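A quick write-up on the structure given underneath.
The values are calculated or read from the model by the stated rules, or taken from the named source; none is laboratory data. Nothing here was measured: the structure is a model prediction, and the numbers come from that model. Because the Cβ atoms are built from the backbone with ideal geometry, glycine has one as well, and the counts that use them run over all protein chains shown.
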Amino acid sequence: MANGTDDDGQALRGIDVTTPHSARIWNYWLGGKDNFQADRDAGDEFLTIYPGQRDKARACRYFLLRTIRYLANEPGVRQFLDIGTGLPTANNTHEVAQREAPDSRIVYVDNDPLVLAHARVLLISSPEGATNYIDADLHDPETILAEASKTLDFSQPIALMLIGVLGHIQHYDEARSIVSRLLEALPSGSHLVQCDGDDTSPAYIAALEYYRDRSSVPYNVRSQDQIAAFYEGLDLVEPGLVPIQQWRPEPNPFGEPPDVAEFGGVGRKR
């Protein structure tokens, strides 16, 4: 069980509220409260080019929710390694997993001090389970695996959650290598849950090009075939790799989502 520290509180008080921050912009698109005017302005500028971005953010969140519920209830997964945490909003990984199975153990990974400070203050585990946070970069899977093993049992199935994060790796071959290394360390019965922006929407690509000139962490779209290759050697869970709004859709407060140029699915390691 994690608790906020004085250092975390100081980190939250000392943040720069005048410069847009990608995690806070995403938080704004999701309807969260951990953002400032500069983030809202930047988010609105993105929306003028690609109005579907708010729908995309919501679709990613509901994809996360549905896949965790599936994993907890059908194959009975009790361990989750969530890399690229982002700022907490509603239905975070540990909340969904521990609602279904209170003894679930979750490790969040991010290398952004702001995200980690928020996470430690706001994300509290159930008494039966565990929630931990790792300050590490996706480019360094060895550190992630070593630190995660302090909370997760690598002899039991683990769900590797990569929600909208692989696009931040510029080189596709490197992204493939990182996913392969992480999956290699997981036992049989583990799962990969992954989604990323695809190259099917010209407006989305144009918005990302605009954002690339204003961000130190640009986002790279992939083709649907490239995203599918992340699952090489895994058994795909029905309905396979699809636009995420089509993965076992359920009613939600925002109605049926439109096409959001985001492709992914769930794969099981043999």
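When the residues of segment 43-52 are narrowed to those that are of a type in the set (A, V, I, L, M, F, W, C) and within 21 Å of the chain's Cα centre (by Cα), which ends up surrounded by the fewest Cβ atoms within 10 Å (Cβ to Cβ)?
Looking at the filtered set, the residue picked out is Leu47.
Considering only segment 235-253, state which residues are part of a loop (DSSP other than H, G, I, E, B) and either under 20 Å from the mean Cα position of the chain (by Cα) or of a type in the set (Asp, Glu) (or both).
Of everything in segment 235-253, those that are part of a loop (DSSP other than H, G, I, E, B) and either under 20 Å from the mean Cα position of the chain (by Cα) or of a type in the set (Asp, Glu) (or both) turn out to be Val237, Glu238, Gly240, Leu241, Trp247, Arg248, Pro249, Glu250, Asn252.
Confirm whether Ala203 is farther than 27 Å from Ile68 by Cβ and of a type in the set (A, V, I, L, M, F, W, C).
So Ala203 fits the description; yes.
Taking segment 184-203 only, how many residues are crowded, with 21+ Cβ neighbours inside 10 Å and not small (Gly, Ala, Ser)?
Of the residues in that region, 8 qualify.
Does Val77 satisfy being crowded, with 20+ Cβ neighbours inside 10 Å and part of a helix (DSSP H, G or I)?
Judged against the criteria, Val77 is not a match.
Within segment 80-90, does at least one residue satisfy the condition of being farther than 19 Å from Leu162 by Cα, aromatic (Phe, Trp, Tyr) and touching a Lys or Arg at 6+ places or on another chain (Cβ under 9 Å)?
Scanning segment 80-90, I find no residue that is farther than 19 Å from Leu162 by Cα, aromatic (Phe, Trp, Tyr) and touching a Lys or Arg at 6+ places or on another chain (Cβ under 9 Å), so the answer is no.
Out of the residues in segment 93-115 that are part of a helix (DSSP H, G or I), of a type outside the set (S, T, N, Q) and without any contact (Cβ under 8 Å) to a residue 40 or more places away in the chain, which is farthest from His21 (Cα to Cα)?
So, considering only residues that are part of a helix (DSSP H, G or I), of a type outside the set (S, T, N, Q) and without any contact (Cβ under 8 Å) to a residue 40 or more places away in the chain, the one farthest from His21 (Cα to Cα) is Glu100.
Which residues, counting only those in segment 135-180, are assigned to a helix (DSSP H, G or I), under 18 Å from the mean Cα position of the chain (by Cα), within 17 Å of Val107 (Cβ to Cβ) and not β-branched (Val, Ile, Thr)?
Pro141, Leu145, Ala148
Could you grab me the full set of residues in segment 150-179 that are surrounded by fewer than 13 Cβ atoms within 10 Å (Cβ to Cβ) and polar (S, T, N, Q)?
Ser155, Gln170
From the set of residues in segment 59-110 that are out of contact with any strand residue (DSSP E or B) (no Cβ under 8 Å at 6 or more places or on another chain) and small (Gly, Ala, Ser), which is nearest to Asn35 (Cα to Cα)?
Of everything passing the filter in segment 59-110, Ala90 is nearest to Asn35 (Cα to Cα).
Could you check segment 181-217 and list, in sequence order, the residues that are without any contact (Cβ under 8 Å) to a residue 12 or more places away in the chain and either over 16 Å from Ala23 (Cβ atoms) or in contact with a helix residue (DSSP H, G or I) (Cβ under 8 Å, 6 or more places away or on another chain) (or both)?
Glu184, Pro202, Glu209, Arg212, Asp213
Return only the number of the condition from (1) more than 19 Å from the chain's Cα centre (by Cα); (2) of a type in the set (Gly, Ala, Ser); (3) within 30 Å of Ala38 (Cβ to Cβ) that Gly189 does not satisfy.
Among (1) more than 19 Å from the chain's Cα centre (by Cα); (2) of a type in the set (Gly, Ala, Ser); (3) within 30 Å of Ala38 (Cβ to Cβ), Gly189 violates only (3).
Going by what's in this entry, would Pro258 be described as closer than 24 Å to Ala59 by Cα, in contact with a Gly (Cβ under 7 Å, 6 or more places away or on another chain) and in a loop (DSSP other than H, G, I, E, B)?
Considered against the rule, which asks whether it is closer than 24 Å to Ala59 by Cα, in contact with a Gly (Cβ under 7 Å, 6 or more places away or on another chain) and in a loop (DSSP other than H, G, I, E, B), Pro258 comes out as yes.
Scan segment 133-149 for residues that are touching a helix residue (DSSP H, G or I) at 6+ places or on another chain (Cβ under 8 Å), under 24 Å from Glu95 (Cβ atoms) and crowded, with 19+ Cβ neighbours inside 10 Å and jot them down.
Selection gives Tyr133, Ile134, Ala136, Leu138, Ile144.
Can you find, within segment 246-270, the residue that is farthest from Gln194 (Cα to Cα) among those that are at pLDDT below 95 and crowded, with 18+ Cβ neighbours inside 10 Å?
Restricting to residues being at pLDDT below 95 and crowded, with 18+ Cβ neighbours inside 10 Å, the top hit is Pro257.
Taking only segment 80-92 into account, find how many residues are part of a strand (DSSP E or B) and surrounded by fewer than 18 Cβ atoms within 10 Å (Cβ to Cβ).
0
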